[in-house]
Amino acid sequence: MPAQSPIPPPAGIPDRSRKIPAYKTYTGPDPSTLSGPRSKSQAEQYFAKGAHETILPKRVSKAIGFGGWFFGGVAAVYMVLFADFGDREHVFSPVRREYIRTKQSFFTLTPEERKTMGLETRIGESEAGKQPS
């Protein structure tokens, strides 16, 4: 009798020392249910059916494919920029900070732009006019 190894086999490798019950062994389909061998002309006729079909996708399948990519992209942008991952720092935090900074740059004026438009002097004058002397 061979000595058993103290180390068990890895999880993916089946243990060959155990017998598999006969009712669990797959032996293939019942030969009586299989059709007989086909002739060469029958095989050519069978495969010729698929040769004449158009290989271009239908308009609906194109639309579904485009819609899948579109909504997948929208979902990815939403997850990166808006989804709530809590207050902790996470992998999307730098991207979100840059997005907020860029968004604010569209709606706020730089000091140079404010000076060019004359907004600096108006703010200073209105504050000086409100202060009691």
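Observations on the model:
- Of note, residue 30 does not satisfy the criterion of being within 24 Å of the chain's Cα centre (by Cα) and surrounded by fewer than 10 Cβ atoms within 10 Å (Cβ to Cβ).
- For the stretch 102-117, the count of residues that are at pLDDT below 90, among the hydrophobic types (A, V, I, L, M, F, W, C) and under 31 Å from the mean Cα position of the chain (by Cα) is nonzero.
- Every residue from the stretch 27-77 that is outside any helix (DSSP H, G or I) and among the β-branched types (Val, Ile, Thr): 27, 54, 55
The values are calculated or read from the model by the stated rules, or taken from the named source; none is laboratory data. Since the structure is predicted, the reported quantities are computational estimates derived from the model, not experimental observations. Quick reminder, even Gly has a Cβ in these numbers, built from the backbone with ideal geometry, and neighbours come from all protein chains shown.
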